[in-house]
1. Going through region 286-302 one residue at a time, which ones are open to solvent by 20 Å² or more (accessible area, probe 1.4 Å) and small (G, A, S)?
2. Only residues that are assigned to a strand (DSSP E or B) and either open to solvent by 60 Å² or more (accessible area, probe 1.4 Å) or under 19 Å from R63 (Cα atoms) (or both): list them for region 145-159, please.
3. Mind listing just one residue for me: the one in region 51-66 that is open to solvent by 30 Å² or more (accessible area, probe 1.4 Å) and in contact (Cβ under 8 Å) with a residue 12 or more places away in the chain and, of those, nearest to L283 (Cα to Cα)?
4. For region 4-50, what are the residues that are more than 25 Å from R189 (Cα to Cα), open to solvent by less than 40 Å² (accessible area, probe 1.4 Å) and not in a loop (DSSP other than H, G, I, E, B)?
5. Checking the condition assigned to a strand (DSSP E or B) and more than 15 Å from the chain's Cα centre (by Cα), which residue from A122, A93, A142, A100 passes?
6. Give me the strands (runs of 3 or more DSSP E) completely within region 224-307, filtered to those with at least 3 residues that are within 20 Å of V166 (Cβ to Cβ) and touching a residue at least 12 places away in the same chain (Cβ under 8 Å), ordered by residue number.
7. When only residues in region 103-115 that are surrounded by 15 or more Cβ atoms within 10 Å (Cβ to Cβ) and over 19 Å from H293 (Cβ atoms) count, which is nearest to the chain's Cα centre (by Cα)?
8. Does G162 satisfy the condition of being without any contact (Cβ under 8 Å) to a residue 60 or more places away in the chain, more than 19 Å from V47 (Cβ to Cβ) and assigned to a helix (DSSP H, G or I)?
Amino acid sequence: MKIVAYDDVDPEDVFQVTMLALGFPLTPEHAAHIRRTDPRPFPCLAVCAVEDGVVVGHVGVFRLPMVTTGGREDVGGVWAVSTHPQYAGREVASRLLDEAHARMRIAGLRFSTLGTDRFRGAHRLYRRHGYEDMSIWATALARWETAHQPTRLRAEPAGPGGYDFVEQVFASVASDYLGFAWRHTPFARLRDKVKLDDILILWENNQPVGYALASEDRSILYVNDLLLRIGVNPAEAVAAVASRVRTTDVQVKINRPVEIASLRRAGYQVAHPDWSAFMMKPLVPEVTVEDAHRLFGIGTDRFLISWLDTT
């Protein structure tokens, strides 16, 4: 088995592997779009496993910007970890992860990260490769009548400022945080993955204090991302979003201790940790997972993370 860069194989073969393994359509056009609009991928974009001329595996390699107590630090990120189903059990993913980690070390990165679900078999694979689950994600659920409470905040669409205004709000609010608190602009993943109609700016005293990514489906209001200035009450923020639409239930994705505590006090059922997993791996012997917790504030109210920023 050979491990080569994405550009050394037929991109149509990569598309077939990612579709058969993950149902993820990494078409040649999509790969080109990522390279054109997103500065985070490594120059190789991904590494691929080839056996007898057949592409049997794929791992994308990203360089993700983060903020530590000492300033900016990039970390690695692996994405679309794919093994052709007919090649299961042949250590394809392990070989690819080893190569991705080696390239990250050469680039001077000290940590690698990824997102997955704890119920997936891949979670065990990542643990074998030195990744540890940070156990940060939580899901809160309440009836609409519980979520819809008095609030000093209001939630409004981004308006004519569009994505540019949303990114300005992020930069302002995130400046007080650690973790995924810095983004390239324009932030391609936000613009590619989130409809502008699903972004609500949160206001207090005519000042933007954050935003919510929210959508409704089958009479459930989903708040999939909540960015709040430090000190803003999370339950009030969700109440402002809930005031815009009457549903039967409200579900909120959260991770900061203050968010978990606020929604519990407001009457939500909170699953913490939930099935989502954010995992980190030290790449060099000079650092540990404990160092990652300290440097990035993981598990504290200063740690900022969004599904938009992880891989």
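1. G299
2. First, the residues of region 145-159 that are assigned to a strand (DSSP E or B): 154-157.
Matches in region 145-159: R154, E156, P157.
3. Here is the first cut: in region 51-66, the residues open to solvent by 30 Å² or more (accessible area, probe 1.4 Å) are 51-54, 63.
Next, only the ones that are in contact (Cβ under 8 Å) with a residue 12 or more places away in the chain stay: 51, 54, 63.
On the way: E51: 27, V54: 30, R63: 13 Å.
Once the filter is applied, the top-ranked residue is R63.
4. V4, A49, V50
5. The match here is A142.
6. 249-254
7. So, considering only residues that are surrounded by 15 or more Cβ atoms within 10 Å (Cβ to Cβ) and over 19 Å from H293 (Cβ atoms), the one nearest to the chain's Cα centre (by Cα) is M104.
8. Taking the combined requirement at face value, the residue satisfies it.
The values are calculated or read from the model by the stated rules, or taken from the named source; none is laboratory data. Just so you know, these numbers come straight off a predicted model, no measurement behind them. Here Cβ is always computed from backbone atoms with ideal geometry, including for glycine, and neighbour counts include all displayed protein chains. Protein only, heavy atoms only, side chains kept; ligands, DNA and RNA dropped before computing areas. Shrake-Rupley method; radii C 1.70, N 1.55, O 1.52, S 1.80 Å.
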